[in-house]
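Heads up, the thing below is written out as C-alpha cells.
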Amino acid sequence: MQVTRPALSPLLPHLLPPSLLLSDHHRPENCMMGVHCLHHIVLHTAAADLRQFNRSEVLYHSLFRLLFTTEAAIVQLVLSCLLDLLLVLEKPPTSLAPSLPRRKSCRHDDVLRLVLTHMEAEHKVALRRVYAAALPPLVDRVGVAICRHLRRVERVVLGYLEIRDPPEETSRLKILEVLQKTIRTTWPRMQSRSDSLLRCLLWLLVDVSSDSELSDSTRRQLMDQTSVCLRLLDACCHGDVQVSHDQLIDLQEAAKVFGCLKKTSVSSQKC
C-alpha cells in the first residue's frame, strides 16, 4: 500500500498474481485483503499499463465472480473496486455522444444487471444496504441507458421502499435517491409507471409518519426525499398525477388506523 504511482507500474508482474490469489481465498479476511490490494493497484497504475496483456480483463472477471459471494463486507469492496476498474476498461456510457447509433450493451450494463438481480431476491439487511448504497453511482454512470433496466429498477424500488430499515433507514434513502435520478433521466417513460410508483410513495409517507421508532431528523429526511419524488413524478405527468379511488380509500383507512389522519373531506382524486 505504500507503493504509489508511478513506481507501482514496473512491479505489476510481481504484485498482481499474489493479489489475485488472495482475492480468491476461502477465508473472508484474506479475500478482503486481496481486493484491497487489487483496488490499490487499479487506483495507482496507469490505464495503459493495466490494459496491457489483458490485465484489466483478468481483474474484471475475477472481481465480477466475487459479486456472487454472500459476505456484505466483500461485496462492498468489490463494487467499489469495479466502479474504478470499469473506467479503465471502457468509456463511461454517459460520455458517449448522443448522435452516435444505439449504444451496445457494455460491462456497466452487466454489473448493473447483476446487482439488480441480487437486490430483488436479497433478504439480508447488511447486503441490502450495500447494494442500495452502490446503486446510485451505477445509475449515474449508465445515464439514459437505464431505460434498458427500467422494469427491474422499478421492481427493486417498490420492493425496497416497502421494507423498513431502522434506525437510519439507509436503504430507503438510497433507493429514493435512485428513483429521483431515474425519473430525471427517463422522464418520458415515467407516466406509464406513475400508478404503482405513486401508490408506493404515498404508502411510504403514511408508514413514516406513523413510525414511532424513527428519529425526527430521519423522518424529516425521508418525507423530504419522498416529496421530491412526488413532485418529479407529477412533472412527468404534466401536473396530472392521480391515484385511483380505491387506492385513495385504502390510504385513508391506513392513515386512520395509524393515527396520522384525522377527519378530512377529500373532494378530488388528484394528489
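The values are calculated or read from the model by the stated rules, or taken from the named source; none is laboratory data. Keep in mind that what you see is a predicted model, and the values were worked out from it rather than measured. Neighbour counts are summed over all protein chains in view; Cβ atoms, including those assigned to glycine, are modelled from backbone coordinates with ideal geometry.
Brief remarks on what is shown
- Selected residue [crowded, with 19+ Cβ neighbours inside 10 Å, more than 18 Å from Leu138 (Cα to Cα) and modelled with pLDDT under 95] from Thr70, Thr45: Thr45
- Sole residue being hydroxyl-bearing (Ser, Thr, Tyr), farther than 24 Å from Leu114 by Cα and either in contact (Cβ under 8 Å) with a residue 24 or more places away in the chain or not in a helix (DSSP H, G or I) (or both), chosen from Thr45, Thr70: Thr45
- Listed conditions (1) closer than 29 Å to Leu82 by Cα; (2) in contact (Cβ under 8 Å) with a residue 12 or more places away in the chain; (3) more than 12 Å from the chain's Cα centre (by Cα) are all met by Arg151, apart from (2).
- Annotation note: of Arg128, Arg103, Arg107, the sole residue that is of a type in the set (Lys, Arg), surrounded by 21 or more Cβ atoms within 10 Å (Cβ to Cβ), under 20 Å from Val153 (Cα atoms) and in contact (Cβ under 8 Å) with a residue 40 or more places away in the chain is Arg128.
- Candidates Leu116, Leu173: the one that is in contact with a Lys or Arg (Cβ under 6 Å, 6 or more places away or on another chain), touching a residue at least 40 places away in the same chain (Cβ under 8 Å) and surrounded by 15 or more Cβ atoms within 10 Å (Cβ to Cβ) is Leu116.
- Residue match in segment 85-99 (condition: in contact with a Ser or Thr (Cβ under 6 Å, 6 or more places away or on another chain) and either more than 27 Å from His14 (Cβ to Cβ) or surrounded by fewer than 19 Cβ atoms within 10 Å (Cβ to Cβ) (or both)): yes
- Out of Gln191, Gln242, sole residue that is in contact with a Lys or Arg (Cβ under 7 Å, 6 or more places away or on another chain) and at pLDDT below 90: Gln242
One line per residue, one yes/no per condition, for (1) under 21 Å from the mean Cα position of the chain (by Cα); (2) assigned to a loop (DSSP other than H, G, I, E, B); (3) of a type in the set (A, V, I, L, M, F, W, C):
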{"site": "Arg172", "(1), (2), (3)": "yes, no, no"}
{"site": "Thr182", "(1), (2), (3)": "yes, no, no"}
{"site": "Asp207", "(1), (2), (3)": "no, no, no"}
{"site": "Met223", "(1), (2), (3)": "yes, no, yes"}
{"site": "Leu233", "(1), (2), (3)": "yes, no, yes"}
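- Residue match in segment 15-30 (condition: over 25 Å from Phe68 (Cβ atoms), outside any helix (DSSP H, G or I) and of a type in the set (A, V, I, L, M, F, W, C)): no
- Criterion applied to Asp49, Asp109, Asp84 was being among the charged types (D, E, K, R), farther than 20 Å from Val3 by Cα and in contact with a helix residue (DSSP H, G or I) (Cβ under 8 Å, 6 or more places away or on another chain), and the one residue passing it is Asp109.
- Of the residues in segment 148-170, not one is crowded, with 18+ Cβ neighbours inside 10 Å, part of a helix (DSSP H, G or I) and in contact with a Pro (Cβ under 6 Å, 6 or more places away or on another chain).
- Some residue of segment 186-194 being more than 14 Å from Tyr131 (Cα to Cα), touching a helix residue (DSSP H, G or I) at 6+ places or on another chain (Cβ under 9 Å) and not in a helix (DSSP H, G or I): yes
- Only residues that are in contact with a Cys (Cβ under 6 Å, 6 or more places away or on another chain), free of Cβ contacts under 8 Å to residues at least 24 places away in the same chain and buried (at least 17 other Cβ atoms within 10 Å of the Cβ) were counted across segment 1-42, and they come to 1.
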